Amino acid sequence: RIETKIVPPHIAESWVRSRYYGVDPFCITPKAYLSPADYQERISQNGPLIQLTTPILENVFKSFGAAQYVVSLYDKDGYHMIRLGNPEDIRIRARHGVREGLCFDENHLGTCGFALAKKLRRAVRVTGCENYLSLLHQMAGVYSPIVDPLSKDLVGVIAVGGADLFHYHPSHPGRSLY
């Protein structure tokens, strides 16, 4: 049973879907990754999106200064197209399985920022244990969908994430406040 006074409905509903999909909350399965060749093909297919968003994301990243945030662009299916961050932060994430070719869709990783922005078609904030995958419990992020204004199709998702976004508040155990 999910405590609905603590867990927002969109998170609870996603947890239920994640369990239904058979997502393991304790590890990333090999099926969640593309092969290097398939990943490079996806990068090529998303060339226009990458070219259009790169300067914007670089400006966002630079605006944070020395803060340890990662600015990302996901394609419509949940694969990282761009990840801007401190190289050590990127290496740490890679050691935990968050690397090129990983799919952040709900049927692969469960509840996470990309999956919710895709499903809800609106900006979302996901913090710590709201993520279904336990290895993401140390992270928080803000995710915003990019939607084609004519077709209303999802084009991608932009995100800003990092451990520094996550602040516990003692009056709200298990939740975070900004």
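The values are calculated or read from the model by the stated rules, or taken from the named source; none is laboratory data. The shown structure was predicted, so the numbers you read here are calculated from the model rather than taken from an experiment. Quick reminder, even Gly has a Cβ in these numbers, built from the backbone with ideal geometry, and neighbours come from all protein chains shown. Just the protein is used for accessible areas: all its heavy atoms, side chains included, with ligands, DNA and RNA removed. Shrake-Rupley method; radii C 1.70, N 1.55, O 1.52, S 1.80 Å.
For H137 paired with K31, estimate the spin-label separation in nm (one decimal), with each label point 7 Å from Cα along the Cα-to-Cβ line.
Going by the 7 Å Cα→Cβ label model, 2.5 nm.
Pick from I82, I28, I92: which is most flexible by mean-square fluctuation in a GNM of the chain where alpha carbon atoms under 10 Å apart are linked?
Result: I92 has the largest fluctuation of those listed.
Please list, in chain and number order, the residues 5+ apart from L34 or on another chain whose amide H is under 5 Å from its amide H, with Hs placed from the backbone.
Residues meeting the amide H criterion: L102, C103.
What is the Cα coordinate range of the chain on the first, second and third principal axes, sorted by size from largest, in whole angstrom?
44, 37, 37
Explain nothing, just compute: Karplus ³J(HN,Hα) = 6.51 cos²θ - 1.76 cosθ + 1.60, θ = phi - 60°, for every residue of segment 39-48 in order, whole Hz, x for Gly and Pro.
Coupling constants for segment 39-48: 5, 4, 5, 5, 4, 4, 4, 9, x, x Hz.
Using 1/(1 + (r/R0)^6) with R0 = 22 angstrom and r between the beta carbons of N86 and I56, what's the FRET efficiency to the nearest 0.05?
E(calc), rounded to 0.05, equals 0.70.
At a 1.4 Å probe radius, carbon and sulfur cover how many percent of the accessible area of the chain?
57 percent
Compute a Gaussian network model of the chain, connecting alpha carbons closer than 10 Å, and tell me which residue from C129, C112, C103 fluctuates the most.
C129
Residue by residue, what Karplus-based ³J(HN,Hα) values in Hz, rounded to whole numbers, does segment 26-33 have, using 6.51, -1.76 and 1.60 with θ = phi - 60° and x for Gly and Pro?
10, 7, 8, 7, x, 5, 7, 10
Mind grabbing the accessible area of K119 for me, 1.4 Å probe, Å², rounded to tens?
For K119, solvent-accessible area is about 120 Å².
Summing +1 for each Lys or Arg and -1 for each Asp or Glu, what net charge is found among the other residues whose Cβ lies under 12 Å from the Cβ of S144?
+4
Considering only DSSP states other than H, G, I, E and B, which chymotrypsin sites (Phe, Trp or Tyr not before Pro) in segment 1-95 qualify as loop sites with at most 11 other Cβ atoms within 10 Å?
When the chymotrypsin sites (Phe, Trp or Tyr not before Pro) of segment 1-95 are filtered for loop state and at most 11 Cβ neighbours within 10 Å, F26 remain.
What is the ratio of the Cα radius of gyration of segment 23-93 to 2.2 N^0.38 Å, where N is its residue count, to two decimals?
That ratio works out to 1.25.
Say the dipole of the chain comes from +1 at the beta carbon of Lys and Arg and -1 at that of Asp and Glu; which of V23, T4, V147 then lies farthest toward its positive end?
Working it through, the farthest residue towards the positive pole turns out to be T4.
Set the Förster distance to 35 Å, then compute FRET efficiency between A123 and R1 from the Cβ-Cβ distance, nearest 0.05.
Result of the calculation: an efficiency of 0.75.
Which FRET efficiency, nearest 0.05, do R95 and E41 yield, Cβ-Cβ r, R0 41 Å?
Computed FRET efficiency for R95 and E41: 0.95.
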